[in-house]
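A.B. asks: The structure's right below; bear with me while I get my questions together.
Rule-based calculations on the coordinates, nothing more; no lab input. These numbers were taken from a predicted model, which means no experiment stands behind them. Note that each Cβ is placed from the backbone with ideal geometry, even for glycine, and that neighbours are counted across all protein chains shown.
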Amino acid sequence: MRDTTSKRRRTLLVAAVVAVLVTLSAVAAPLASARPAHEIPVAPATGDLSGPTTDGWEDVPAATVPLASAPSSVPNADQTSVERVHVQAARGDGQLHLRLQWHDATRDVATNETRAFADSVAVQFPVNTSSRPPIAMGGPTNRVNVWYWSGATGTEELLAGGAGSTTRFQNPSVNATAVHRGSGENATWTVVYTRDVGASGANRTTIADDGDVDVAFAVWNGSNSERAGRKSVSEWHYFPFGPGPEGPPYETVLWTVAGIAIVGVVAVTAFGVHRARGGMR
Amino acid sequence: MSSQNDQSQSEDTHINVADGVDHQVAMVMDLNKCIGCQTCTIACKSLWTEGGGREYMYWNNVETKPGEGYPRGWEDSGGGWESGEHKERKTGEIPSEEEYGRPWEFNHSEIMYEGSDEPLRPREGAEWGPNWDEDQGAGEYPNSYYFYLPRICNHCTHPSCVEACPRSALYKRAEDGIVLVDQDRCRGYRYCVEGCPYKKVYYNTVSKNSEKCIFCYPRLEGEGPDGETYAPACAEECPPQLRLVGFLDDEAGPIYKLVEEYEVALPLHPEFHTQPNVYYIPPYAPPQHTDEGETVDVERIPRQYLEELFGERVHDALDTIERERQRVRQGGESELMELLQHKNPAKQYRLEVFEDA
């Protein structure tokens, strides 16, 4: 008799655990898939995001953006070294903060030798966010606004309408601070860009609050003679600056229905098994 | 710029100037007259490259041949075109500071202010520099040989430096074909430095831009205080006056005759396919001697070496010079010998011939 009670309890427990696991996976699946591959999450800016290593960045989710050699006519364009950049974005108090991190074993910030090139990074936006420019520095009718940082020259805000057309803004709206930490395999550049969300001006990207804004990234490793078109670049990604970041509403409804169905099936099955065992006795 | 077709040739000449260029400045240097005094080098340096990140630069240099040259080993540093079709460029290398030669620190303060009696000398790191192998040359006594090779930017008809720049910061001036670097467009990528097979574009380590010989265009344009037109300083200041300056397509000028008619003025390393507009009268050395001092009928400077520098046409050029010399020796007249010897600056520098055109 004690034996039977114990078995029944165990069966119920197993059924309950299975039900919880199945329910969790059913609920978790839509949450995980809510971020499409090319989306870079934008968190509300809460803590201190003013520097590359300030505390606030610990609470900001990061996206890992894969990089590959840019197609370019410059010699050895396919010989680049940086394979990914980690990107964090936060918005608040009228500012957009971006933090980019990538592995680079050497800190190259001087260009005072004939063969010396500086580590650099760039963030590229369409000037007109309603259409997506050619990825390689935009096009003549579809220009890009670039936030460029170089270890040698600091921050520049650039306009480009195709390869070779890069032009400096006289009054940049973006600034960047950077730090290189660690050594060997753990050596990392961390660059933080900050721009006033409301900054305006001709050929300057408007940071929307009602939709997505495309963005792409480029990294140069100076010690590998990377400069100009010899660089590691991403595909176009986007910042979901609009409201409703959780994906279409029907997705949640469907997953909820599926979750309830799964729980029901598990419960009925457990009940059936329990009854079958009881009946055999 | 990368292609050249029949339309680019002027109607009244068969000279090939680059697409979009009206006239092409050119220079002929007679290597038989160069004494290696470096007056041209200093004239250029004091005018254009004294400081501000230009310390290591010699837009004009004079190197001993055979020799490593400046920068060291430049002839093997890549750049230029794969072929005369000018479609594919050869990759090149950026020379290091050591290959150019770093400015040396000397022990001036010890000697001048601290009473040291050691000889004046570089402190350390003096292991290479421009003209480190000056007058070394090649060959064995009594048949050793060397000659001097003055070099500036060749202001090529197919400049691979121009093609190498992803920003089109380098360009060939429409009026005279001078190759310049737009300092506002340049972002210091240095593809021009590695793309020039003659290594005549230099990176300014202070301005972070690339710079090069400008053929003294402000002098050509009469921008000096007296408003007069002058040839480039390297030419005007040359003690033996070995340089002719003018336009390649000036058919009445000596450059046209030497390059196109007599074909005795040759570009350096034509196999780089950039079509230089600086031409050289190849060196014509005395024949070899025996140990006893007897002259023998063997050329002192091996033809093969001259062919490496100036291409196959050097044979015909030297044969032509020899033939014309012989003609004069026998009492005849030779326009070529006159051209190579005349001392009239008005003929030597023909820079205003197209001004009314």
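A.B. asks: Straight distance only, please: which lysines reach the Cα of B:LYS347 with their own Cα at less than 16 Å, same-chain residues fewer than 8 apart left out?
C.D. replies: Once the sequence-local lysines are set aside, what remains near B:LYS347 is B:LYS257.
A.B. asks: May I pose another question? Taking each residue of B:160-169 in turn, how many C-beta atoms of other protein chains fall within 10 Å of its C-beta, and what is the average?
C.D. replies: 3
A.B. asks: Tell me, Kirkwood radius of the protein assembly as shown from alpha-carbon pair distances, in Å?
C.D. replies: 29.9
A.B. asks: Quick check for me: using +1 on Lys/Arg Cβ and -1 on Asp/Glu Cβ, what's the dipole size of the range B:6-348 about its Cα centre, in debye to the nearest 20?
C.D. replies: In total the dipole reaches around 700 debye.
A.B. asks: In addition: What average count of beta carbons from other chains do you get within 10 Å of the Cβ of residues in B:90-99?
C.D. replies: The mean count of partner-chain Cβ atoms within 10 Å per residue comes to 3.
A.B. asks: Which of the pairs B:LYS33/B:LYS212; B:LYS65/B:LYS87; B:LYS212/B:LYS343 have their Cα atoms more than 27 Å apart in this structure?
C.D. replies: Distance filter (> 27 Å) returns B:LYS65/B:LYS87; B:LYS212/B:LYS343.
A.B. asks: What is the spread of the Cα atoms of chain B along each of their three principal axes, largest first, in whole Å?
C.D. replies: Principal-axis extents of the Cα atoms in chain B, largest first: 66, 62, 45 Å.
A.B. asks: Further, regarding this structure: Across peptide A:112-119, how many C-beta atoms of other chains are within 10 Å of each residue C-beta, on average?
C.D. replies: Average per residue, whole number: 6.
A.B. asks: Charges at C-beta only: +1 for Lys and Arg, -1 for Asp and Glu. How large is the resulting dipole of the protein assembly as shown about its Cα centre, in Debye rounded to 20?
C.D. replies: 5200
A.B. asks: Looking at the range B:213-295, which trypsin sites (Lys or Arg not before Pro) are DSSP coil and have at most 12 other C-beta atoms within 10 Å of their C-beta?
C.D. replies: Qualifying residues, ordered by number: none.
A.B. asks: On to the next question. When the distances between all Cα atoms of the range B:83-221 are binned every 5 Å from zero, what whole-number percent does each bin get?
C.D. replies: Values per bin, smallest distances first: 2, 8, 14, 15, 14, 13, 12, 10, 7, 4, 2, 1, 0.
A.B. asks: Report relative contact order for the range B:240-306 in percent, whole number only (criteria: Cα-Cα under 8 Å, sequence separation at least 6).
C.D. replies: 17
A.B. asks: Given the options B:THR320, B:PRO267, B:ASN60, identify the residue whose Cα lies farthest towards the positive end of the charge dipole of chain B (+1 on Cβ of Lys, Arg; -1 on Cβ of Asp, Glu).
C.D. replies: Result: B:ASN60.
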